[in-house]
């Protein structure tokens, strides 16, 4: 990655059919823009996380608290799942920003029914709402995908 752009390499496991890839990105200097990007990853090595793989047929939420580097007066956030590993063909997972304060937010992960979750990754975009006043420009991405 450079100030001019980046290269993206997609690696697909053997015997996997890949039908669609969508890429969205944001480039920012966090200290100037009021935008921060946080990552969250957890897996079954964490005792609290194991709750997401047991007690089938009930909702199983767990909550994470994340801090960001600067207090904000009017914070907003959005979250995206960046990866997961599950046991089910009919998998159910929900990741939501459940509360947001001046310098921290809470993310709730939940599975239900017969889903056993073994890993998830998420990216959270935290921003000062008052700074996001400009229109967002859509750019075309020239991609080389090696399969």
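The values are calculated or read from the model by the stated rules, or taken from the named source; none is laboratory data. Since the structure is predicted, the reported quantities are computational estimates derived from the model, not experimental observations. As a convention, Cβ positions derive from the backbone with ideal geometry for all residues, glycine included, and neighbour counts pool all protein chains shown.
Remarks
- Residue list for segment 124-136, filter: loosely packed, with under 15 Cβ neighbours inside 10 Å and modelled with pLDDT of 55 or more: 129, 130, 131, 132
- Within segment 47-80, the set of residues being within 17 Å of the chain's Cα centre (by Cα) and farther than 30 Å from residue 114 by Cα comprises 67, 68, 76.
- Residue within segment 98-105 that is modelled with pLDDT under 90 and within 18 Å of the chain's Cα centre (by Cα) present: no
- When the strands (runs of 3 or more DSSP E) confined to segment 1-116 are screened for residues that are out of contact with any helix residue (DSSP H, G or I) (no Cβ under 7 Å at 6 or more places or on another chain), surrounded by fewer than 14 Cβ atoms within 10 Å (Cβ to Cβ) and in contact (Cβ under 8 Å) with a residue 60 or more places away in the chain, those reaching at least 2 such residues are found at 35-43.
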